[in-house]
1. Report the residue count in segment 39-80 for those that are open to solvent by 100 Å² or more (accessible area, probe 1.4 Å), within 20 Å of the chain's Cα centre (by Cα) and not charged (D, E, K, R).
2. Might you let me know whether segment 27-38 holds any residue that is part of a helix (DSSP H, G or I), within 17 Å of the chain's Cα centre (by Cα) and surrounded by 10 or more Cβ atoms within 10 Å (Cβ to Cβ)?
Amino acid sequence: MKLFIQKWLGIIDSNSAFTELEHALNRIRDLESQYDDLKYDFESFEYNLGELEIKIDEIESIDLENIKEKVNEVLTDFESMTEGYTVSVKLNPPLS
């Protein structure tokens, strides 16, 4: 097996061959860890995006015309209730 690995890697010294294999395996482990981190970040992004889409749907479902009509009704009611009344404002100088 050692000779096969040595020939495959083109390395004569078996210690060098196994050192190279060890470095390659460590690099693979590092890449797997980076992959897991990226996968976790992506899943978090997907979750946040889903939450954002829900909020956008809620905002889009608000009937602005209906709210505008209700505000106008309240203003009209207020105007009719205060018709004929006057408002006076007295301004006092600020206390120093």
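The values are calculated or read from the model by the stated rules, or taken from the named source; none is laboratory data. Treat the numbers as computed from the prediction; the structure is a model and nothing was measured. Counting neighbours? That spans all protein chains shown, and the Cβs are built from the backbone with ideal geometry, glycine included. Accessible surface areas use protein heavy atoms only, side chains included; no ligands, DNA or RNA. Shrake-Rupley method; radii C 1.70, N 1.55, O 1.52, S 1.80 Å.
1. Looking only at that region, the number is 5.
2. Initially, segment 27-38 is screened for residues part of a helix (DSSP H, G or I), giving 27-38.
Keeping just the survivors that are within 17 Å of the chain's Cα centre (by Cα) gives 37-38.
Right, trim to surrounded by 10 or more Cβ atoms within 10 Å (Cβ to Cβ) and you get 37-38.
Scanning segment 27-38, I find at least one residue that is part of a helix (DSSP H, G or I), within 17 Å of the chain's Cα centre (by Cα) and surrounded by 10 or more Cβ atoms within 10 Å (Cβ to Cβ), so the answer is yes.
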